[in-house]
1. Using Stokes-Einstein with the Kirkwood hydrodynamic radius over Cα pairs, what translational diffusion coefficient do you get for segment 70-153 at 37 °C and a viscosity of 0.692 mPa s, in µm²/s rounded to a whole number?
2. Return a whole-number percent for the relative contact order of segment 77-150, with Cα pairs under 8 Å and 6 or more residues apart as the contact set.
3. Could you rank ASP56, ASP150 by how accessible they are, 1.4 Å probe, largest area first?
4. What distance in nm separates the simple spin-label points at ALA116 and ASN44, each placed 7 Å from Cα in the Cβ direction?
Amino acid sequence: MIFACAHRNVRRTVWVCALVVAPAVHAQTTTLSITSGSTATFSNPTVADYVAGYIDGPSLTFTVLLNGGPNGVTRTTTVEVCASSASLGSGKAISNLQWEPTDGSKGWQSITTGCAGAVNATRVVGAQSLAKGASWSGGVRFRMLLNWNDTATSYGTPIQMTVAVTTP
């Protein structure tokens, strides 16, 4: 899943989604579907937001479905989130964009760049063991850290979500 966000006049960030699907493993198909959150905006920051040091952003929810494969064999599906760019633009570091799973299983953490390679715990939103035909759902919340000098007309980066499938 790719999100593009643009922060205009320190008022809005729009997230636009596209789908990234993991390759088939042992004749099964795994689908990562975004079920909500394809478009959302940050509200206009208030003085209280600047005092708090952040502004809450959009949330998105997803569903992972394991299709096909042999009966009676479980697979572990792991969903990760990352950024495609090392900057939010206008000199604002990517570490100012934070995320947490909507279930609260992890606290807020800075997003990392790149989803390539092995599963990385700093990118994992959640993981579940699934049998053929089973699914699970989850979500991610975003927020952007604010500084008093954040006055650029735009901040943003593409966001990716991936699903990895392994045999336990």
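The values are calculated or read from the model by the stated rules, or taken from the named source; none is laboratory data. No experiment lies behind these values; they were computed from the predicted model shown. Neighbour counts run over all protein chains shown; Cβ positions are idealised from the backbone, glycine included. All accessible areas refer to the heavy atoms of the entire protein, side chains included, with ligands and DNA or RNA removed. Shrake-Rupley method; radii C 1.70, N 1.55, O 1.52, S 1.80 Å.
1. On the way: Rh = 14.7 Å.
Here the translational diffusion coefficient equals 223 µm²/s.
2. Numbers: 113 pairs, mean separation 29.6, N = 74.
Value for segment 77-150: 40 percent.
3. Details: ASP56 90, ASP150 10 Å².
These residues rank, largest area first, as ASP56, ASP150.
4. 4.3
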